[in-house]
1. Please give the average number of partner chain Cβ atoms lying within 10 Å of the Cβ of each residue in A:103-109, rounded to a whole number.
2. Could you order B:Ile277, B:Ile48 so the one with the most accessible surface comes first? Probe is 1.4 Å.
3. Under a 1.4 Å probe, what is the accessible area of the range A:15-255 per residue, stated in Å²?
4. Quick one: pull the percent of accessible area on the range B:122-246 belonging to carbon and sulfur, 1.4 Å probe, ligands and nucleic acids left out.
5. Using the Cα gyration tensor of chain B, with a ≥ b ≥ c the square roots of its eigenvalues, what is the shape: rounded (a/c below 1.5), prolate (a/b larger than b/c) or oblate (neither)?
6. Can you give the net charge of the other residues whose Cβ lies under 14 Å from the Cβ of A:Ala313, counting K and R as +1 and D and E as -1?
7. Cut-off 10 angstrom, C-alpha nodes, Gaussian network model of chain B. Which of B:Val15, B:Val207, B:Val137 fluctuates the most?
8. Copy-to-copy spacing for B:Ala231, label 7 Å out on the Cα-to-C-beta vector, in nm, shortest first?
There are 2 protein chains.
Amino acid sequence: MRVYNFSAGPATMPVEVLERAQSELLDWSGSGMSVMEMSHRSKEFVGIAEAAEARLRSLLGVPEDYAVLFLQGGATGQFAAVPLNLAGPGATAAYVSTGAWSRKAISEAEKYLEVRTVADEAPTNYSTVPAEGSLQVPGDAAYLHYTLNETIGGVEFPYVPDAGDVPLVTDASSTILSRPLDVSRYGVIYAGAQKNLGPAGLTLVIVRKDLLDRARQETPAVLDWTAMAGAGSMLNTPPTLAWYLVGLVLEWVEEQGGLPAMAVRNRDKADLLYRAIDGSGFYSSPVEASARSWMNVPFLVPDPALEKPFLEAAAEAGLSGLGGHRSVGGMRASLYNAMPIEGVQALVDLMTDFEKQNG
Amino acid sequence: MRVYNFSAGPATMPVEVLERAQSELLDWSGSGMSVMEMSHRSKEFVGIAEAAEARLRSLLGVPEDYAVLFLQGGATGQFAAVPLNLAGPGATAAYVSTGAWSRKAISEAEKYLEVRTVADEAPTNYSTVPAEGSLQVPGDAAYLHYTLNETIGGVEFPYVPDAGDVPLVTDASSTILSRPLDVSRYGVIYAGAQKNLGPAGLTLVIVRKDLLDRARQETPAVLDWTAMAGAGSMLNTPPTLAWYLVGLVLEWVEEQGGLPAMAVRNRDKADLLYRAIDGSGFYSSPVEASARSWMNVPFLVPDPALEKPFLEAAAEAGLSGLGGHRSVGGMRASLYNAMPIEGVQALVDLMTDFEKQNG
């Protein structure tokens with residue numbers, strides 16, 4: 001029996017995608033081999049790769065003047081790639097700090113340039129995002145970086161920050177494909193695949209082409225957007241199996257009705273869970289209502305001693321991956337695209353039962 | 001029907017591994033989820049990861065004083081990681097150039113330090129390796145780097161170079177696990193997985209622990225061996241699906257009798273093919289007998305106009321991936337661990353038939 005997996009990433013995949021991958025695992029489309037055995041230069045794999053890129057472009061509405069890259073190294077690799085590709089030594093870049101992932105991005109960027117933190121939500125214990133219109137971005141900043149959705153803290157921007165003429169860069173790992181996104185507002189969007197896109201081991205980078213051709217000489221080739229764009233992401237062997245699986249996920253999203261349909265579904269799932277939290281008087285959310293994520297929903301029980309019994313009761317009910325990040329504790333439910341509303345309903349039912357027995 | 005896939009990487013996988021992965025794809029060992037859906041911090045995945053490392057250590061005989069890392073970015077990522085982790089700016093490193101992959105490693109290293117090429121096989125058109133004992137390694141070199149097996153040229157070192165006190169570093173991508181290897185002779189061994197280890201998207205690094213703690217401050221975290229060793233390769237989300245598949249391949253190698261058995265099998269396969277080439281008077285090998293690879297066997301037909309008909313006849317016989325690398329043309333058969341001797345015999349039979357009709 002498959003469980004409902006609320007893990008923050010790697011995360012639950014659409015069962016239809018897993019079934020399709022399973023059926024093709026020894027012989028893809030009569031080729032006589034698995035996708036993972038194909039040369040990345042073969043016409044079969046090139047077709048798979050190009051179809052995935054075309055689907056992504058169509059679903060997200062990626063304009064023609066953006067390159068789409070399929071890389072390795074995760075968002076953490078891009079924490080270094082962003083400054084290396086966009087700014088010379090001695091440059092300044094503006095960062096917004098809304099939690100653990102922002103702070104990691106900042107630490108890594110500090111290896112390469114001067115970071116100016118233009119907003120830091122530490123005073124609210126990272127339960128908020130800066131008010132819309134409040135950011136003061138220095139005109140000489142190479143770019144403005146923010147974390148669209150904080151996977152650990154469960155804080156998501158409900159608006160696109162205005163960076164003026166400064167290129168806007170975002171880590172969209174745990175929100176990409178969950179709802180429409182106006183790509184044209186951004187200079188660079190990057191995302192680890194292991195939430196809404198597919199398995200861990202593939203990193204999506206969407207970069208406006210006028211931002212290419214400025215990488216530092218010492219940028220490792222595998223993190224060099226310009227070199228990778230010039231080679232169709234095949235400067236070296238790409239993670240072919242992950243790329244194929246991302247393609248299957250994109251096909252599935254398309255079949256569900258694309259991003260407008262995903263947005264309705266994800267809003268409904270998040271509403272159901274937040275209503276259960278707020279209506280209980282037993283559970284609580286550590287995040288201000290205006291900044292709550294649709295994708296990662298942290299919540300607390302009144303007494304930390306109840307966390308272990310809650311997680312045990314959840315496991316017994318076939319609900320997995322509900323422990324909060326080890327750095328913050330508590331509970332967290334990740335509601336990525338592939339989590340059906342039935343899973344959220346099962347969680348809400350469990351929460352109600354648990355409250356009755358422990359409230 | 002599965003074909004015999006002679007692709008140089010990504011490459012053929014053991015069919016038993018694919019069947020096992022297929023059977024577990026929706027539910028790993030009663031966990032109710034696919035391995036690719038598991039949190040990398042879950043006890044299930046940590047168990048899978050640790051078992052893979054233990055198997056690798058046992059198969060290769062990795063001594064206790066070496067760290068084993070499971071990274072991303074391929075060998076190309078390590079072309080940058082090697083100088084960044086082992087040497088400061090202004091340092092010198094010694095490189096041996098035996099073909100296309102050596103030259104790529106050198107180009108990337110030149111971003112970070114002074115490369116001294118201590119042997120260059122260009123005069124033989126990269127058909128040789130330097131004679132044993134001929135290398136003069138400067139005592140002040142940070143390390144000596146060589147390409148154990150040139151995947152494109154089909155040139156393999158039959159001996160371990162003597163670097164004296166200078167740490168020896170090798171790109172073992174297309175030879176690792178094909179026969180026993182004396183790890184204790186090396187400072188660092190790295191390998192992309194997509195030949196003998198598993199699917200593309202995972203990079204193995206084996207590093208002697210006394211070589212850690214010297215990474216440059218500007219090393220991207222995802223390429224920082226010290227940081228990765230400290231985090232059990234989970235500084236960020238690792239490529240979990242690829243790691244699991246590598247574990248299945250290692251289990252399969254173990255069942256075949258380990259590296260001594262693989263060596264016998266691989267020698268027999270290579271002998272069969274080289275005998276067919278040398279005995280024909282029609283086909284020829286561009287590589288000197290003393291430097292011929294067991295893993296990648298390039299060969300030529302007397303007239304390049306015969307290449308296309310040869311590849312078409314091969315495809316018709318269910319033999320795939322035999323075209324030479326686009327940079328050199330000709331034919332190439334990669335005979336990794338998962339290629340059965342029946343596949344090589346089928347190739348030899350085809351070659352004999354083709355010669356009869358075109359010789």
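1. Working: counts 0, 3, 0, 0, 1, 3, 0.
Across the residues of A:103-109, the mean count of other-chain Cβ atoms within 10 Å is 1.
2. On the way: B:Ile277 0, B:Ile48 20 Å².
Sorted by accessible area, descending: B:Ile48, B:Ile277.
3. Numbers: 7650 Å² over 241 residues.
Roughly 32 Å² per residue, with all protein chains present.
4. Values: 1710 of 3680 Å².
Taking all protein chains in place, the range B:122-246 shows 47 percent carbon and sulfur surface.
5. On the way: a/c = 2.06, a/b = 1.17, b/c = 1.76.
Because a/c hits 1.5 or more and a/b fails to exceed b/c, chain B counts as oblate.
6. Numbers: positive: A:Lys308, A:Lys356; negative: A:Glu307, A:Glu312, A:Glu316, A:Asp349, A:Asp353, A:Glu355.
Result for the local shell: -4.
7. Greatest mean-square fluctuation among the candidates belongs to B:Val15.
8. Values, ascending and in nm: 2.4.
The values are calculated or read from the model by the stated rules, or taken from the named source; none is laboratory data. As the structure is a prediction and not an experimental result, all values here were calculated from the model. Backbone-built Cβ (ideal geometry, glycine too); neighbour counts: all protein chains shown. To get the accessible areas, we keep the full protein, side chains included, count just its heavy atoms, and leave off ligands, DNA and RNA. Shrake-Rupley method; radii C 1.70, N 1.55, O 1.52, S 1.80 Å.
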